[in-house]
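One structure is given below, encoded as structure tokens.
The values are calculated or read from the model by the stated rules, or taken from the named source; none is laboratory data. The shown structure was predicted, so the numbers you read here are calculated from the model rather than taken from an experiment. Cβ atoms come from the backbone with ideal geometry, glycine included; neighbour counts cover every protein chain shown. With ligands, DNA and RNA removed, areas are computed over all heavy atoms of the protein, side chains included. Shrake-Rupley method; radii C 1.70, N 1.55, O 1.52, S 1.80 Å.
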Amino acid sequence: MRSPRHETGPPDLTTPEGFGAFYEEHIDAVLGFVTRRVADPHLAADLTADVFLAAMGSASGYRPHRGAPIAWVFGIARNVLSGHARGLARESGALARLSGRRLLDDEDVAALEERIDAQRAFRALADRHAALSEPLRAALDLVVLDQLTPAEAAQALGVTQATIRVRLHRARRALRSAGSVPEGQLEVAR
């Protein structure tokens, strides 16, 4: 014996009563469709709910002359399951990409930020150093980097100690005026 719904045609899915009747009529079939494809009962219940939410959202697009309501809702169920499978594949791919990476805690992030800031400051100082004239840069390099005394640097460059001291003073002043070089960083033995 057919239910009265079938005798009058498919319910109007755009009304709450019509969609409620449609849901009652097809919930077991959709749940069976989903549980044959998903092993987790909680996931099956969630996906079944998603199927009916999607059906509710596209109810205005349902055309009875194109086929039975169960075929329409099974098409939606296939799309929902396919979307879920694609989401799992994306998640699995993301996890695979992350598996070789160590996640950073706050301490690691702070250490990296300090290192980046130090490298930025170093590059800025290196740029200012490169902008110095050759005589100033040579005097500074011999005394600060190579740790020669001003007398040894003067001898290496073939100039007087007074000339070296003047060049060192000018180099330090140029570096300090171009950026913040901490006092004492460019100091040398006298």
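The table for this structure:
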item	result
Accessible-area ranking of SER82, SER60, largest first, probe 1.4 Å	SER60, SER82
Exposure ranking of PHE74, PHE33 by accessible area [1.4 Å probe, largest first]	PHE74, PHE33
Counted charge near PHE19, where neighbours are those whose Cβ lies closer than 12 Å (Asp, Glu -1; Lys, Arg +1)	-4
Cβ-derived FRET efficiency at R0 35 Å, ARG78 paired with GLU17, nearest 0.05	0.85
Whole-Hz ³J(HN,Hα) from phi, Karplus 6.51 cos²θ - 1.76 cosθ + 1.60, for region 20-30, glycine and proline x	x, 5, 4, 4, 4, 6, 10, 4, 5, 5, 5
Under 14 Å, Cβ to Cβ, from GLY87 - net charge with Lys/Arg +1 and Asp/Glu -1	-1
